[in-house]
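Just below is one structure, and these are the notes that go with it.
The values are calculated or read from the model by the stated rules, or taken from the named source; none is laboratory data. All values derive from a computational prediction rather than experimental measurement. FYI the Cβ positions are ideal-geometry reconstructions off the backbone, even for glycines, and counts take in every protein chain you see.
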Amino acid sequence: MAKVTSKLQVTVPKVIAECHAIRVLPRAGEEGPLDREARLRSFDEATMRQEPRNRARRRARRVGRGWTRDELYDRARPR
């Protein structure tokens, strides 16, 4: 069964990938492994795309947990 990770990456089982001839190909215009400069450029581009997502997530984050440590301990005590 294929799985989607928290980073929205898809993991396809080897049997399924081989059965359907699924391969990971380089991006259009790229051939073979990337050199150091191309890898750094790709990393910088991905970082730039991620920054707005991080800012939006920080704005949407709730303040506090909604419970205190004392409340947590009180729930476990018998009455």
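A few notes on this one:
- When Gly66 is tested against the conditions (1) within 21 Å of the chain's Cα centre (by Cα); (2) modelled with pLDDT under 75; (3) not in a helix (DSSP H, G or I), the lone failure is (1).
- Remark: Arg55 falls outside the filter, which requires a residue to be modelled with pLDDT under 75, over 30 Å from Met1 (Cα atoms) and not in a loop (DSSP other than H, G, I, E, B).
- The listed residue being surrounded by 10 or more Cβ atoms within 10 Å (Cβ to Cβ) and at pLDDT below 80, out of Leu72, Leu25, Leu40: Leu72
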